Amino acid sequence: MSRRPGAFGLLLLGLGSLLQVGCAAVTNPTANGVPAHALPPELLAESKEGYSPVDLTLLRVPPPEVYLLDVGDTLGVYVEGIVGSVDAPPPVSVADSTEKTPSIGYPFPIRDDGNVSLPMVGNVPMKGLTIEKAEQAIIQAYLDKEILRPNEYRIIVSLMRSRTVGVVVVREDSRSGSVTLQNNSLIGIGGSSTTIGGEQKPSGQIVDLPAYQNDLLNALARTGGLPSVSGGRDILIYRGSAGSDGYAEAPCRPLCPSDDPTIDGERIIRIPLRTKNCESVHIPREDIVLHDGDIVVVRGRNQETYYTGGILPSSVQSLPLDRDLNVIEAVLRARGQLLSGGLSTSNLNGSSVGSGVGNPSPSQLAILRETPGGQQVMIRVDLNEALRDPRLNLLVQADDVLILQENTDEAFARYVSQAVQFDFFFRILNRSDAQGGASVILP
């Protein structure tokens, strides 16, 4: 008489079958990773949340109460009978911007020595004077030469064109225009969309900033505004320099500027655009004042991605730029199973339950992560535990590889569910009479 195998025999039989077919849960090398609860802090992903824009007043220099003349300014000067005819009214120049007021007179630039050269009196110092004091200095120069008599002159001095500071602004956060093409299926199942363009397209622009407006905020406002969320969190300012021959020098610099503000003899300044947890930020005034030859680089942010594999569909997924993504959300974004209990949907036949008594959801997630030293570490996350304990629901960082597998118990349960067929029959006629039966069909 043959005996049916007991529960222990069925277990051995199932394990033998799993080993024979090379089940991933038994031979899976990712099962030996570092547990999520034992991961050192330096290997945890940095949070992207909690950042707030920096106070914009820290990026500008308050305008002065009075305008002081300097080299590069152009004065409008009218001296009746000397600089301008007695019979003709003085010329009036209307500014092309509402920021500038109309000027009267003929143009006289302030030269590199800080003087203006006027007819019959020669050089008159102008550097550091206000417009009113400059007018008094010109009047006094003509009175001292006895060219004009007191109370018998008509002199008008105005600011015709203010000096400017030329800087180069490189916007790495600029993006080209994009068009999204939506393709909907005729039968209402599925669909696809294609986005053309939208990639980062760095641009450069030479900007002439008027005096007392040569700060970082004005440079950004004139070249496209502040960076968006997709932009970087800081700005680099490369201070301009010139060699003895008058040409700009370009020494070799590292690709990633360090925290040291002086690199290769030149000063590189980093200006933060966002701060975390509303922490106070001190930006020295001299750092945001721009000078001739400065290069302002508004750094962009490349789209960060992570990769999926194993039971998860093989894909490349995008990481949010300003929001954290944990492993549970990453699995769902990749359309992975999570507490499905063997349920699956089909748009073609309407089926919502698969064969067998139900398949356990895979819960063994391995994360391949690059360490700060350029090495690679395997992190093991139990998704069932991560659902219960937020500390185990790790954040995903750029270039992570997420591999979802079944553990041994889940693989064995799936094998039993798919390979063993259970048939039940039970009938109750009344309370005192009942019949039932069960059969098991093994492969």
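Here are some notes:
- Within the stretch 32-79: Cβ-based charge dipole about Cα centre, in debye rounded to nearest 20 (Lys, Arg +1; Asp, Glu -1): 140 debye
- Spin-label model, residue 80/residue 226: points 7 Å from Cα along the beta carbon direction are separated by 5.3 nm.
- Cβ-placed point charges (K, R +1; D, E -1), dipole of the stretch 31-147 about Cα centre in debye, nearest 20: 100 debye
- Rounded accessible area of residue 82 (nearest 10 Å², 1.4 Å probe): 50 Å²
- Treating r as the C-beta distance of residue 267 and residue 385 and R0 as 35 Å, the FRET efficiency rounds to 0.10.
- Qualifying lysines (Cα of each under 29 Å from Cα of residue 127; at least 8 residues distant if same chain): 100, 145
- Contour minus Cα-Cα distance for residue 277 and residue 32 (0.36 nm per residue): 84.5 nm
- DSSP-assigned coil residues among GluC sites (Glu not before Pro) in the stretch 101-159, each with at most 15 further Cβ atoms within 10 Å: 146, 152
- Tensor-based shape of the stretch 276-331 (alpha-carbon gyration tensor, a/c under 1.5 rounded, otherwise prolate or oblate): oblate
The values are calculated or read from the model by the stated rules, or taken from the named source; none is laboratory data. Keep in mind that this is a model prediction, so the values were computed, not measured. Here Cβ is always computed from backbone atoms with ideal geometry, including for glycine, and neighbour counts include all displayed protein chains. Surface accessibility is based on the protein's heavy atoms, side chains included, excluding ligands, DNA and RNA. Shrake-Rupley method; radii C 1.70, N 1.55, O 1.52, S 1.80 Å.
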